[in-house]
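Heads up, the thing below is written out as structure tokens.
Throughout, read-outs are computed from the coordinates displayed, never taken from laboratory work. Computed from a predicted structure; not experimentally measured. Backbone-built Cβ (ideal geometry, glycine too); neighbour counts: all protein chains shown.
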Amino acid sequence: MALTCNQYVWKKQIYFIKWQAISKCKSRRKIGNRHIIIAVDGPAASGKSTTARRVAQQLGYTYIDTGAMYRAVTFKALQDGVLDRLRHSPELVGGLLDALTISFDGDRVLLDGRDVSLEIRDNRVSREVSFISSLKPVRDRLREMQQELGHERGVVMDGRDIGTVVFPDAELKIFLVADPAERAKRRYAELSAKASSSSELPDIKQLEEEIIRRDREDAEREHAPLKKHPDAVEIDTSRLTIDRQVEMVYTLAKERERG
Ligand code: DC
């Protein structure tokens, strides 16, 4: 099938990321166990990325942060000053998607070849990402990319719709939840660790409201809303340490690897 120039660029990106992922993991995989897909979904700041990243490291799997992909598209819309235009004419998002490339280099997220790992965590991006991720063309394009990335299995992918839409056949589906107040505390600690002065820090109550608003928008959107798959194992992390969370998911993963 002939590919348009843009389709070609997307395919090339997918193959490049797959190649990176496969060459990183091959040497660490154990013979005998099957390689599975682990979907980790849940609301904002529920500990998904930390848990998913550490479980992937322990299993020798590839970790894919799908939230970072939605954030990168949002950052691009902000950078190009087209966000307001998209609110009135969402169909224009196709042009934006055709003009960008997203790739990963280890933990770093590259947008059009530039490292944007820090910028995509900015509050401006966090405020607008629910809108961008509610647009069907964005979801369709990123879902296709995520499915290609997980095609070889041996991945831990975190997001909102991984167990329900991207990989409904994932051998292990986890749904992490936590109290909004606890999640705001964690997000605050994360931001404090990165901020160079306290004046840059948002109010903790404001963070909690922001988290609740984002949960609502992610759960109520029309396309691929945040919800728990009936087969998913729900873990409430409000009173768990990260080590304990990781251990629980790792143990389940080892069981599922054995089939
Ligand atoms: O995990 P995160 O907070 O970085 O995700 C940012 C946003 O991206 C989140 O508010 C919803 C969206 N998202 C999504 O819609 N589907 C995914 N699979 C991952 C993230």
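Using the Karplus relation 6.51 cos²θ - 1.76 cosθ + 1.60 with θ = phi - 60°, the per-residue 3J(HN,Hα) values for region 206-213 come to 4, 4, 5, 4, 4, 5, 5, 5 Hz, with x marking Gly and Pro.
On the basis of the beta-carbon distance and an R0 of 25 Å, D84 and L118 show a calculated FRET efficiency of 0.55.
Residue exposure proxy: E144, E220, E119, ordered by other Cβ atoms within 10 angstrom of their Cβ from fewest to most, comes out as E220, E144, E119.
Here the 3J(HN,Hα) profile of region 168-183, calculated from phi with Karplus coefficients 6.51, -1.76 and 1.60 at θ = phi - 60°, is x, 9, 4, 5, 10, 10, 10, 10, 9, 10, 6, 4, x, 5, 5, 5 Hz, Gly and Pro shown as x. Two numbers describe the Cα atoms of region 201-255: Rg and Dmax, which are 15.1, 42 Å. Among M157, M248, M69, a tally of other beta-carbon atoms within 10 Å of each Cβ gives an order, fewest to most, of M248, M69, M157. Ellipticity at 222 nm from helices only: DSSP H runs of n ≥ 4 in the chain, each -39500 (n - 2.57), divided by the residue count, give -16500 deg cm²/dmol.
Among the DSSP beta bridges whose two residues both lie in region 51-191, what percent are antiparallel, rounded to the nearest 5? If you can, show how the numbers build up before the last one.
On the way: 6 of 10 bridges.
Around 60 percent of the beta bridges assigned by DSSP in region 51-191 are antiparallel ones.
In plain terms, the residue of L142, L118, L78 with the fewest other Cβ atoms within 10 Å comes first and the most crowded comes last, giving L118, L78, L142.
Taking a point 7 Å out from the Cα of K136 in the direction of its Cβ, the residues of region 206-247 whose backbone N falls within less than 14 Å of it are 222-225.
Scaled to the globular estimate 2.2 N^0.38 Å, the Cα spread of region 136-231, given as radius of gyration, is 1.30. With kT/(6 pi eta Rh) evaluated at 4 °C and eta = 1.567 mPa s, and Rh the Kirkwood radius from Cα pairs, the chain diffuses with a coefficient of 68 µm²/s according to Stokes-Einstein.
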